[in-house]
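Written out below as structure tokens is the structure these notes cover.
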Amino acid sequence: MAFFLSYSTPIAHHKICTVFSSKQGSRHAVDQFGSVTLKAMPEEMALIVTNGSSNNKIPHVLTMAGSDSGAGAGIQADLKTCAARGVFCSTVITAVTAQNTLGVQDVSILPEESVAAQLKSVLSDMHVDVVKTGMLPSTAMVKILHDSLKQFPVQALVVDPVMVSTSGHVLAGSSILDMFRQDLLPMADIVTPNIKEASVLLGGVQLETVTDMRSAAKSLHDMGPRNVLVKGGDLPSSSDAVDIFFDGKDFYELRSSRIQTRNTHGTGCTMASCIAAELAKGSSMLSAVKVAKRYVETALEYGKGINIGNGPQGPLDHMFKLKRKNSSKLRLFEPSDLFLYAVTDSGMNKKWGHSITDAVKAAIEGGATIVQLREKDAETGEFLEAAKSCLEICRAHNTPLLINDRVDIALACDADGVHVGQSDMPVNTVRALLGPEKIIGVSCKTPEHALKAWADGADYIGSGGVFPTNTKANNRTIGLDGLKTVCLASKLPVVAIGGINLSNARSVMELGVVNLKGVAVVSALFDRECVAVETRKLHNLLTENVANVGSAVTEDV
Ligand SMILES: Cc1ncc(COP(=O)(O)OP(=O)(O)O)c(N)n1
Ligand SMILES: Cc1nc(C(=O)O)sc1CCOP(=O)(O)O
Ligand SMILES: [Mg+2]
């Protein structure tokens, strides 16, 4: 049963039920079936679920949208986004547009029979997980989609209600507005309008503030979709890019810094197809939305200087991963990096006569999977020099190097990221300074801290003190119970910290919580004569323990 519990997000739950619903023949049946709990599943059902999730099955998004000759938006954006996110993407083309950086010059709508045939070809044969819609230029196409999904239910439907191009060209006539409201939105697991589209769908209400966006999200939710994301990229009154996500119960305000670039054509399609891709991989809706927002922000940042075309709006560049700045140097975060997290201490190194570089080398040699420089007494110049030297060592061993507290030092030496506490620089400010791809960790002692860290754009949290420690003065001990409470509330991977050593590390990892990825240690590694030997011992102990606890500690959140 442990296998199924790891897929117990609402969306994946829906997917599991979809497997059975194909016999029942309607999406309505899927939804009713969705209320069956996993524990109540009979054995034969479990078998089918296992087969449906076999290793050979690649997550699959079907996009039903228009072709954009300029390739920033439409079908082309969806294909590139899914490819960048590691998801297979099939296509149903509804229209062929001639557009470039100047605007839309021509739109040819495909015959409805062709659209129906494309949908049938793919849905009947290719095991689609998620359908994403973009430009649906006729009421008949909405009906075709509706009927096709009844016949071939999927895990989720992501609706990007494309109505007006960013250049102002109307891509869906007013006749289909009612069809959107009556048929499409009630089918949708999420609808992702921008400000203009939300306004049109709501009969022309003006959206000028974040409060207006919240009311719009609520009113759109009343039209039937399970979740609503109102995108505020065009909101005139905000210096950040603010989106409002509403799941019918809670509102989430998702903020990112506004990137100054003309290359924004396709952000809407890209956001929706990235949400679809993450859902197809098994993410919860909220996580999918957050990943998509970061993906778009990163693409904007990397593509901001690209020069394509002579018009006012250039295309988004989806494949930035292929040509990142400093691509040989950039170290992207993996939750498994937290497995054995070595945090340095200048006082301990001085006591044992270790240079900072020797200490870091030894920790890596012993198996440390990430290093944090926590040099509380160092002068700025000395800290920066130490950071540069340690970065060379870490890069040579493909081990991420984070800087404690000092965002300026991290920026100056191009470290992989920063770890901050509750009274250090706020995470959203750190994110704005470091950009979307650097690693940010935050110390969290409570579930509230953990949720805020996630909402503000952190990559992981450090939680403790698990045990009393002499390394950090006046540190409150939260114990194993406190750690478990934080882990269960956290949507981010967690590393435990505080008084952890060879004699108690096992009890930490035996908590067996899926997002507890490792231990962060100072004195048990660095307040020792031989750092490499101590690190190796702890590494071995953790490795043995993971083998006992099983897959729980290797899965990603
Ligand atoms: C991995 C990890 N977790 C927690 C901390 C503590 O950070 P903070 O609360 O800011 O305290 P200081 O380390 O700055 O004293 C950490 N450094 N690393
Ligand atoms: C730096 C730090 N942060 C903590 C927290 O609870 O957030 S405990 C701690 C010190 C950890 O050192 P040692 O492994 O020597 O106990
Ligand atoms: Mg700090």
Inset, instruction - Tell me the label-point distance for the pair residue 389, residue 218, using the 7 Å Cα-to-Cβ offset, in nm and rounded to one decimal. - result: 6.0
Inset, instruction - Give, in nm to one decimal, the length gained when the segment between residue 397 and residue 481 is fully stretched (0.36 nm per residue of separation minus the Cα-Cα distance). - result: 26.7 nm
Inset, instruction - Filter the cross-link list 445/472; 231/290; 484/537; 57/290; 57/281; 80/321 down to pairs whose alpha-carbon distance in this structure exceeds 18 Å. - result: 484/537; 57/290
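Need one word for region 258-412: rounded, prolate or oblate. Basis is the Cα gyration tensor (sqrt eigenvalues a ≥ b ≥ c); a/c below 1.5 gives rounded, then a/b vs b/c decides. Mind dumping the intermediate values first?
Working: a/c = 2.98, a/b = 1.99, b/c = 1.49.
Cα axes put region 258-412 in the prolate bin.
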Legend entry - Rounded to 5, percent antiparallel among DSSP beta bridges of region 66-142: 65
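Hey, could you get me the Stokes-Einstein D for region 195-321, Kirkwood radius over alpha-carbon pairs, 10 °C and 1.306 mPa s, rounded to whole µm² s⁻¹?
On the way: Rh = 15.2 Å.
This corresponds to a translational diffusion coefficient of 104 µm²/s.
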Legend entry - Local electrostatic count at residue 144 - Lys and Arg +1, Asp and Glu -1, tallied over other residues with Cβ under 14 Å: -1
Inset, instruction - Report P(r) for region 405-489: all Cα-Cα distances, bin width 10 Å, range 0 to the bin holding the largest distance, values in whole percent. - result: 18, 45, 30, 6
Legend entry - Local electrostatic count at residue 494 - Lys and Arg +1, Asp and Glu -1, tallied over other residues with Cβ under 11 Å: +3
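Heavy atoms only, probe 1.4 angstrom, no DNA, RNA or ligands counted: give me 393, 403 ranked by accessible area, highest first. Show your work: numbers first, answer last.
On the way: 393 20, 403 0 Å².
The ordering from most to least exposed comes out as 393, 403.
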Inset, instruction - For region 337-450, take the alpha-carbon Rg, divide it by the Kirkwood Rh, and send me Rg/Rh. - result: 0.95
Legend entry - Charge dipole magnitude, Cβ of K and R +1, D and E -1 - region 429-527, Cα centre, debye nearest 20: 80
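Which number do you get for Rg(Cα) / (2.2 N^0.38 Å) in region 430-551? Mind dumping the intermediate values first?
Working: Rg = 14.7 Å, N = 122, 2.2 N^0.38 = 13.7 Å.
Relative to the 2.2 N^0.38 Å estimate, region 430-551 comes out at 1.07.
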Legend entry - Spin-label model distance (nm) - residue 112 vs residue 183, 7 Å beyond Cα toward Cβ: 0.8
Inset, instruction - Please give the net charge around residue 249, taking every other residue with its beta carbon less than 12 angstrom from that of residue 249, where Lys and Arg add +1 and Asp and Glu add -1. - result: 0
Inset, instruction - Using θ = phi - 60° and the Karplus relation 6.51 cos²θ - 1.76 cosθ + 1.60, list the HN-Hα couplings for region 485-490 in order, rounded to whole Hz, with x at every Gly or Pro. - result: 4, 5, 4, 5, 7, 7
Legend entry - region 235-373 - percent relative contact order, Cα under 8 Å, separation 6 or more: 18
Inset, instruction - Name the residue farthest towards the positive end of the dipole of region 407-557 from the options 417, 427, 508, assuming +1 on Cβ of Lys and Arg, -1 on Cβ of Asp and Glu, about the Cα centre. - result: 508
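Viscosity 0.692 mPa s, temperature 37 °C: Stokes-Einstein D of region 238-294 from its Kirkwood Cα radius, in µm² per second?
On the way: Rh = 12.3 Å.
My calculation gives 267 µm²/s for D.
The values are calculated or read from the model by the stated rules, or taken from the named source; none is laboratory data. Values in this document were obtained by computation on a predicted structure and should not be read as measured data. Counting neighbours? That spans all protein chains shown, and the Cβs are built from the backbone with ideal geometry, glycine included. Surface areas here come from the heavy atoms of the whole protein model, side chains and all, with no ligands, DNA or RNA. Shrake-Rupley method; radii C 1.70, N 1.55, O 1.52, S 1.80 Å.
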